[in-house]
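Participant: Can you keep this structure in mind? I'll have questions shortly.
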């Protein structure tokens, strides 16, 4: 049986692939779970049109992510924090603090997209990675100063 995959299926193929699978696997698993459709001429033509729409949408999302990445990369944020001896902070600067500072600059980013190896615990200048899109990352300069 020939099927067209509607989604990526682990150990089988990627979306849009036309594959030969066992009749039972196609009829009883792939098609009922909406992971694939039967590959007849009508469905192939329909799916080609669908792929073009999805590719255009992905291109627009990537362009928007690149614009946000350029904006973030050109931004330097300053975060005031209380510090004691030897420039150690009372507490730490976390991804949530960085997200709030970015929001004040007019860029809304989810704190889970800000990648910190560990919370910032000293005064100084740091470069933080922000994952905006699966293919797009931005580097953000963060300066932690004494409050």
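The values are calculated or read from the model by the stated rules, or taken from the named source; none is laboratory data. All of these numbers come straight from a predicted model, not from anything done at the bench. Glycine also receives a Cβ, built like all others from the backbone with ideal geometry; neighbour counts cover every protein chain displayed.
Participant: Can we say residue 16 is in a loop (DSSP other than H, G, I, E, B) and in contact with a strand residue (DSSP E or B) (Cβ under 9 Å, 6 or more places away or on another chain)?
Facilitator: Working: in a loop (DSSP other than H, G, I, E, B): yes; in contact with a strand residue (DSSP E or B) (Cβ under 9 Å, 6 or more places away or on another chain): yes.
It is true that residue 16 is in a loop (DSSP other than H, G, I, E, B) and in contact with a strand residue (DSSP E or B) (Cβ under 9 Å, 6 or more places away or on another chain).
Conditions tested, residue by residue: (1) surrounded by fewer than 12 Cβ atoms within 10 Å (Cβ to Cβ); (2) closer than 20 Å to residue 135 by Cβ.
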{"site": "6", "(1), (2)": "no, no"}
{"site": "20", "(1), (2)": "yes, no"}
{"site": "36", "(1), (2)": "no, no"}
{"site": "61", "(1), (2)": "no, yes"}
{"site": "81", "(1), (2)": "no, no"}
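Participant: Under the condition of being over 21 Å from residue 70 (Cβ atoms) and exposed (fewer than 11 other Cβ atoms within 10 Å of the Cβ), which residue from segment 97-123 is modelled with the highest pLDDT?
Facilitator: By that ranking, first place goes to 112.
Participant: Cβ-Cβ under 9 Å, sequence separation 6+ or interchain: first residue in segment 112-129 and under 12 Å from residue 98 (Cβ atoms), partner assigned to a loop (DSSP other than H, G, I, E, B). Which pairs?
Facilitator: 114/94; 116/94; 119/94; 120/94; 126/116; 128/116; 129/116
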